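Colleague: Provided herewith is a single structure, encoded as structure tokens, for subsequent inquiry.
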Amino acid sequence: MHASSPATPAARRGLPVALYALTVGAFGIGTTEFVIMGLLLQVAADLQVGLAAAGLLISGYALGVFVGAPVLTIATGRMPRKAVLVALMVIFTIGNIVCAIAPNYTVLMIARVITSLAHGTFFGVGAVVATGLVPADKKASAISIMFTGLTVATLLGVPAGAWLGLHHGWRSTFWAVTVIGLIATVVIATLVPKDKKAPEPVALRKEVKAVVHPQVLLGLAMTVLGFAGVFTVYTFIQPILTRISGFGEAAVSPILLVFGVGMILGNILGGRLADKRLAPALISTLIALAAVLGLMTFALHNQIAAIAFVGLLGVAAFATVSPLQLWVLQKTDPAGQNLASSLNIGAFNLGNALGAWLGGAVIEYGPGLGAVTWVAALVTVSGLVLAVWAARLDAPKPTAMAVGKESDDAVAACAAG
């Protein structure tokens, strides 16, 4: 008779419930990031600022994620990961409370930046925790489950928050997100298992060295360029649908629901593909994204095709998320996984900001609104080129013994002939 050890979450069949606790936190964070887009007019009018200044609340958040993710990850590197996640949700909740009661624009901007600090580190550390909860062949699916919270936020949280702000004032939306933050804090504290052992102290130099690796840097660049392509189009989807496809403004929100459904499907698909073979999944999803963006140029002139391609854009965009995140995690030494994962979340946001800037430049100074989609496709193709390069670098090199064997086989074949 031999003793059997208790089953760990990673050993259980299926996916552990702790993953869905992370999903709740991702839902709240995703909602607070994007919901401001539907509240700009109310915020601008209430705080007596221009629309451009109100739009900077989006840029300020993205910049906070990009800068704050690595800084906060390094600062919390010696803390247990569960404690870090709970602390981040507390920061998120406090930030949204300050947003809800902000007396002026400056306080609201500061509160948005404070809230954004939780974003990158939560997804970065959360991805590491998620992959540690499951077997090796489920790691990408675990990441996709957590990121489902972000896709559901886009599908349901953002429209609901915009509706709430329209009927009850923009501050009510932030109070609602505060409640989500409280729920997420309790759920994570209750369901996410404690670290099996305290993280070993890692010198900053060692963390940075683990990240400054060609494959990791290529992965970060792929993330920036892939999502820059997505947001070159998505930032301007309303004018694209109304001015090119001929839809009324009231039709835009329902069409964006199609995008949200596509995001959920793509997120699940990308996770499953990456679990099977990571490099082919990375390359194939970027090919699909570039193709959808390029063909969208022609599809937008037919309303039915336009709706279909908005959905396909959602599928293709979020099919890349799990492969991109898993690539960075797998290519990083364990000492730098938290930092690398958080940096990749920052890279997603840098891509968002870059795409919004590029799309605006194409409209303002370039060939115009109709060219946004094919320019976006070219940006994604540049990310695809990096992915192919990274895969070639990752391919196993033939050993001297294998080369010698091949030569012997060739000589034998010639002799037989």
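The values are calculated or read from the model by the stated rules, or taken from the named source; none is laboratory data. Treat the numbers as computed from the prediction; the structure is a model and nothing was measured. All Cβ positions, even for glycine, are placed from backbone atoms using ideal geometry, and neighbour counts span all protein chains on display. For the accessible areas, the whole protein counts, side chains as well, though only heavy atoms, and no ligand, DNA or RNA atoms are used. Shrake-Rupley method; radii C 1.70, N 1.55, O 1.52, S 1.80 Å.
Colleague: Going through ALA118, ALA140, ALA162 one at a time, which residue ends up being at pLDDT below 85, open to solvent by less than 30 Å² (accessible area, probe 1.4 Å), among the hydrophobic types (A, V, I, L, M, F, W, C) and in contact with an Asp or Glu (Cβ under 6 Å, 6 or more places away or on another chain)? Please lay out each step first, then the result.
Modeller: Working: ALA118 fails: in contact with an Asp or Glu (Cβ under 6 Å, 6 or more places away or on another chain); ALA162 fails: in contact with an Asp or Glu (Cβ under 6 Å, 6 or more places away or on another chain).
Only one candidate passes the filter, namely ALA140.
Colleague: Looking at (1) touching a Pro at 6+ places or on another chain (Cβ under 7 Å); (2) open to solvent by 20 Å² or more (accessible area, probe 1.4 Å); (3) modelled with pLDDT of 95 or more, which is the one condition that is false for THR285?
Modeller: (2)
Colleague: Of these, GLY77, GLY126, GLY132, GLY60, which one is under 19 Å from LYS194 (Cα atoms), open to solvent by 10 Å² or more (accessible area, probe 1.4 Å) and within 20 Å of the chain's Cα centre (by Cα)? Spell out how you get there, then give the answer.
Modeller: Working: GLY77 fails: within 20 Å of the chain's Cα centre (by Cα); GLY126 fails: open to solvent by 10 Å² or more (accessible area, probe 1.4 Å); GLY60 fails: under 19 Å from LYS194 (Cα atoms).
After applying the criteria, what remains is GLY132.
Colleague: Got a number for residues in region 95-126 being touching a helix residue (DSSP H, G or I) at 6+ places or on another chain (Cβ under 9 Å), hydroxyl-bearing (Ser, Thr, Tyr) and more than 25 Å from GLY149 (Cα to Cα)?
Modeller: Qualifying residue count, region 95-126: 1.
Colleague: Here's another thing I want to ask about it. Only one of (1) surrounded by fewer than 23 Cβ atoms within 10 Å (Cβ to Cβ); (2) within 30 Å of GLY77 (Cβ to Cβ) fails for VAL328. Which number is that?
Modeller: For VAL328, the exception is condition (1).
Colleague: Might you check whether a residue that is among the hydroxyl-bearing types (Ser, Thr, Tyr) and over 21 Å from VAL375 (Cα atoms) occurs anywhere in region 289-303?
Modeller: Within region 289-303 (the criterion being among the hydroxyl-bearing types (Ser, Thr, Tyr) and over 21 Å from VAL375 (Cα atoms)), the answer is no, since none of the residues qualifies.
Colleague: I'd like to verify a number: residues in region 58-95 that are over 14 Å from PHE123 (Cβ atoms), at pLDDT below 90, part of a helix (DSSP H, G or I) and not hydroxyl-bearing (Ser, Thr, Tyr), how many?
Modeller: 9
Colleague: Which is assigned to a helix (DSSP H, G or I), of a type outside the set (S, T, N, Q), under 14 Å from the mean Cα position of the chain (by Cα) and modelled with pLDDT of 90 or more, of ALA306, ALA316?
Modeller: On inspection, the qualifying residue turns out to be ALA316.
Colleague: Can I ask one more? Quick check on region 148-155. Is at least one of its residues touching a residue at least 40 places away in the same chain (Cβ under 8 Å), closer than 13 Å to TYR20 by Cβ and open to solvent by 10 Å² or more (accessible area, probe 1.4 Å)?
Modeller: Yes, region 148-155 contains a residue that is touching a residue at least 40 places away in the same chain (Cβ under 8 Å), closer than 13 Å to TYR20 by Cβ and open to solvent by 10 Å² or more (accessible area, probe 1.4 Å).
The rows are residues; the columns are (1) in contact with a Lys or Arg (Cβ under 7 Å, 6 or more places away or on another chain); (2) part of a helix (DSSP H, G or I); (3) of a type in the set (Gly, Ala, Ser).
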| residue | (1), (2), (3) |
| --- | --- |
| THR151 | no, yes, no |
| GLY157 | no, yes, yes |
| SER172 | no, yes, yes |
| TRP175 | no, yes, no |
| THR185 | no, yes, no |
| ASP195 | yes, no, no |
| LYS206 | no, yes, no |
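Colleague: VAL411 is checked against (1) loosely packed, with under 12 Cβ neighbours inside 10 Å; (2) closer than 19 Å to LEU217 by Cα; (3) at pLDDT below 85 and fails just one. What number does that condition carry?
Modeller: (2)
Colleague: Filter region 234-260 down to residues that are surrounded by fewer than 17 Cβ atoms within 10 Å (Cβ to Cβ) and either without any contact (Cβ under 8 Å) to a residue 12 or more places away in the chain or closer than 14 Å to ALA319 by Cβ (or both) and give me whichever is farthest from the chain's Cα centre (by Cα).
Modeller: Here the residue is GLY248.
Colleague: Right, here's the next one. Any residue that is assigned to a loop (DSSP other than H, G, I, E, B), modelled with pLDDT under 75 and open to solvent by less than 80 Å² (accessible area, probe 1.4 Å) - is there at least one of those in region 15-33? Don't jump to the end; show me each part of the working.
Modeller: So in region 15-33, the residues assigned to a loop (DSSP other than H, G, I, E, B) come out as 15-17.
Filter again for modelled with pLDDT under 75, leaving 15.
Filter again for open to solvent by less than 80 Å² (accessible area, probe 1.4 Å), leaving 15.
Yes, because at least one residue in region 15-33 is assigned to a loop (DSSP other than H, G, I, E, B), modelled with pLDDT under 75 and open to solvent by less than 80 Å² (accessible area, probe 1.4 Å).
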